[in-house]
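So the structure is just underneath, and the comments pick up after that.
Taken together, the values in this text are just the output of simple stated rules run on the coordinates, not laboratory data. Quantities reported herein were computed from a predicted structural model and do not represent experimental measurements. As a convention, Cβ positions derive from the backbone with ideal geometry for all residues, glycine included, and neighbour counts pool all protein chains shown.
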Amino acid sequence: MKRFEKKVVIVTGAASGIGRAAATRFADEGATVVLVDREEDALQAVLGELTGNGHEAVAVDVRDEPAVTALVDRIAETHGGIDVVCNNAGIAGGDYAPVTENDLQNWRDIVDVNLFGTMHFTRAAGRHMREAGAGAIVNTASVAGVRSGAGGNAYSASKAAVINLTQTSACDLGQYNVRVNAVCPGLIKTGMTKPVFDYAEANDKAHKLGTRCELRRFGRPEEIAAAITFLASDDASYITGQFLPVDGGNTAS
Ligand code: NAD
């Protein structure tokens with residue numbers, strides 16, 4: 001029996017990187033997957049790669065609360081519920097300015113996508129899960145939300161807020177048998193970190209990438225997808241309100 005057979009799973013940020021790997025893993029394990037991203041063409045390409053039937057791709061911006069709520073309500077009605085939401089869409093922004101020099105619009109953009117996007121889906125899907133008396137939400141936070149120095153301060157603050165939202169949502173929804181957890185990836189090779197990898201390769205520093213963790217290498221999207229699917233599955237049935245670093249030991253020292 002596959003872990004997600006007969007389960008309906010929404011994955012945001014599914015057109016690329018970690019979201020794409022998570023969607024692929026959920027589909028491989030039997031889920032019906034709803035892929036969400038703002039990049040429609042890339043989303044369709046991922047849809048075409050998935051194993052199994054019944055998946056769909058929906059171009060939605062996670063900042064657009066009415067669109068998110070309408071989508072979640074439609075999915076719940078069509079499928080008779082939502083079993084899992086994987087809140088993974090995110091942006092890094094690339095602003096490494098000190099706090100005294102921050103570009104405030106950049107700050108707002110990052111918080112809007114990373115925090116409000118996560119909140120919009122948690123809020124809308126949480127209502128259906130509460131009614132059903134079951135559900136699992138897995139948020140993609142970051143090691144940047146756990147320790148300073150792993151991202152710009154807007155990104156780090158937004159991910160720390162995602163961790164806290166994970167905990168408070170778990171407290172609100174636990175009595176309804178709805179679990180909420182987060183993964184905290186370290187450095188993973190994806191579209192988001194392409195500039196970092198490009199820069200390192202162009203400057204003969206590629207060998208140094210990932211060396212800030214105990215395993216001395218960067219991670220793969222599939223390694224984060226493995227943790228996401230674990231937390232979403234019944235294998236994690238007694239785990240809620242937790243954030244799991246998947247970072248090669250970056251936060252261990
Ligand atoms: P990615 O850029 O490859 O994928 C992110 C996806 O989110 C993209 O497809 C993008 O189109 C989508 N997205 C961005 N803003 C959106 C919006 N407003 N509405 C809908 N979709 C939107 O990056 P990734 O590395 O796979 O990132 C996935 C998650 O992992 C993010 O939340 C990121 O912060 C987190 N993360 C990544 C790393 C890393 O090293 N790559 C480390 C820690 C955390």
Checklist entry - Given Val162, Val196, which one is in a helix (DSSP H, G or I), under 15 Å from the mean Cα position of the chain (by Cα) and β-branched (Val, Ile, Thr)? => result Val162
Checklist outcome for this item: With the first residue restricted to segment 145-169 and required to be of a type in the set (Val, Ile, Thr), and the second required to be away from the ligand (no atom under 12 Å from the Cβ), Cβ contacts under 6 Å at 6 or more apart or on different chains are Thr166/Val180
Checklist outcome for this item: In segment 95-121, anything exposed (fewer than 14 other Cβ atoms within 10 Å of the Cβ) and assigned to a helix (DSSP H, G or I) is listed as Val99, Thr100, Glu101, Leu104, Gln105, Arg108
Checklist entry - Which members of segment 38-60 meet the condition of being surrounded by fewer than 17 Cβ atoms within 10 Å (Cβ to Cβ) and in a loop (DSSP other than H, G, I, E, B)? => result Glu39, Thr51, Gly52, Asn53, Gly54
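Which of the residues that make up segment 26-35 are surrounded by fewer than 24 Cβ atoms within 10 Å (Cβ to Cβ), over 8 Å from Val9 (Cβ atoms) and not acidic (Asp, Glu)? Walk me through how you get there before you give the answer.
Just the residues of segment 26-35 that are surrounded by fewer than 24 Cβ atoms within 10 Å (Cβ to Cβ), to begin with: 28-30, 32.
If we keep only those that are over 8 Å from Val9 (Cβ atoms) too, we end up with 28-30.
Within segment 26-35, Gly30 is the sole residue that qualifies.
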Checklist entry - Residues Ala232, Ala206, Ala252, Ala161: which one is more than 25 Å from Lys7 (Cβ to Cβ), aliphatic (A, V, I, L, M) and touching an Asp or Glu at 6+ places or on another chain (Cβ under 9 Å)? => result Ala252
Next on the checklist: Among the residues in segment 227-247, are any surrounded by 22 or more Cβ atoms within 10 Å (Cβ to Cβ), acidic (Asp, Glu) and outside any helix (DSSP H, G or I)?
Outcome noted: yes
Checklist entry - Do you know which of the residues in segment 1-25 that are of a type in the set (A, V, I, L, M, F, W, C) and away from the ligand (no atom under 15 Å from the Cβ) is surrounded by the most Cβ atoms within 10 Å (Cβ to Cβ)? => result Val9
Checklist entry - Which is hydrophobic (A, V, I, L, M, F, W, C) and touching a Leu at 6+ places or on another chain (Cβ under 6 Å), of Phe243, Phe218, Phe197? => result Phe218
